[in-house]
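Take a look at the structure below.
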């Protein structure tokens, strides 16, 4: 558990560093995460870092058990009055170890996938800890889409990482960097251009 939190905290700290020099326009840029901007994804990460097992129950009740509404409420609450305030709030949660009632690897998924939701549109590259990526990929591959994973998306193909000892699933092969496999499994279609293999058409569909 301590090792997992160390990975999470390291990715949070790295994102804070990457966001520190953004200007107003960059904060408002469209992310890879739905309709959210870069700043809204950062606020979402603040809200996630502050979410406790009891707190998520209260939030879901307020949102009438609508996950999208619960997420939107959390973003609105944590945005603050300016990008500087959003960043300050993100900086203050770097070392937190709160979590909703979900497997701890879901915290890695949040930091890695949302980190790319922010970085890719900004042209920022980051070297993630290999373990953070491979564990996130394994988690997403076994978790249903309804629970934020991607199991149904990769049904019928075999994912093979070209930069890690990872092979998941059965069927025609789709190969590429583990990070791109993770993003594709998580529904980020931009990562499909990084992948190759006879199963790619199936994955695109």
| said: Testing residue 80 on (1) under 19 Å from the mean Cα position of the chain (by Cα); (2) modelled with pLDDT of 90 or more, one condition comes back false. Which one is that? | reply: (1)
| query | Assuming residue 192 fulfils every condition listed in (1) touching a residue at least 12 places away in the same chain (Cβ under 8 Å); (2) part of a helix (DSSP H, G or I); (3) within 27 Å of residue 9 (Cα to Cα) apart from one, which condition is it? | reply | (3)
| message | Going by what's in this entry, would residue 15 be described as touching a residue at least 12 places away in the same chain (Cβ under 8 Å), in a helix (DSSP H, G or I) and either within 18 Å of the chain's Cα centre (by Cα) or assigned by TED's automatic domain parsing to the domain that holds residue 184 (or both)? | response | yes
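Can you find a residue that is farther than 22 Å from residue 96 by Cβ, assigned to a loop (DSSP other than H, G, I, E, B) and free of Cβ contacts under 8 Å to residues at least 40 places away in the same chain anywhere in region 36-49?
no
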| query | How about region 25-35: which of its residues are modelled with pLDDT of 95 or more and either at positive phi or part of a helix (DSSP H, G or I) (or both)? | reply | 25, 26, 27
| message | Between 148, 123, which is closer than 23 Å to residue 180 by Cβ and modelled with pLDDT under 95? | response | 148
| field | Condition met for residue 95 (touching a helix residue (DSSP H, G or I) at 6+ places or on another chain (Cβ under 8 Å) and in a loop (DSSP other than H, G, I, E, B)) | value | yes
| Residue identified as surrounded by 13 or more Cβ atoms within 10 Å (Cβ to Cβ), touching a residue at least 40 places away in the same chain (Cβ under 8 Å), under 17 Å from the mean Cα position of the chain (by Cα) and more than 19 Å from residue 132 (Cα to Cα) among 106, 31 | 31
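Quick check on region 126-146. Is at least one of its residues more than 17 Å from residue 4 (Cβ to Cβ), assigned to a helix (DSSP H, G or I), outside the structural domain of residue 16 (by TED's automatic domain parsing) and more than 16 Å from the chain's Cα centre (by Cα)?
There is no residue in region 126-146 that is more than 17 Å from residue 4 (Cβ to Cβ), assigned to a helix (DSSP H, G or I), outside the structural domain of residue 16 (by TED's automatic domain parsing) and more than 16 Å from the chain's Cα centre (by Cα).
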| task | Name the single residue, out of those in region 174-196 being touching a helix residue (DSSP H, G or I) at 6+ places or on another chain (Cβ under 9 Å) and over 18 Å from residue 116 (Cα atoms), that is surrounded by the most Cβ atoms within 10 Å (Cβ to Cβ). | result | 174
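The values are calculated or read from the model by the stated rules, or taken from the named source; none is laboratory data. All values reported here derive from a predicted model rather than from experimental measurement. Counting neighbours? That spans all protein chains shown, and the Cβs are built from the backbone with ideal geometry, glycine included.
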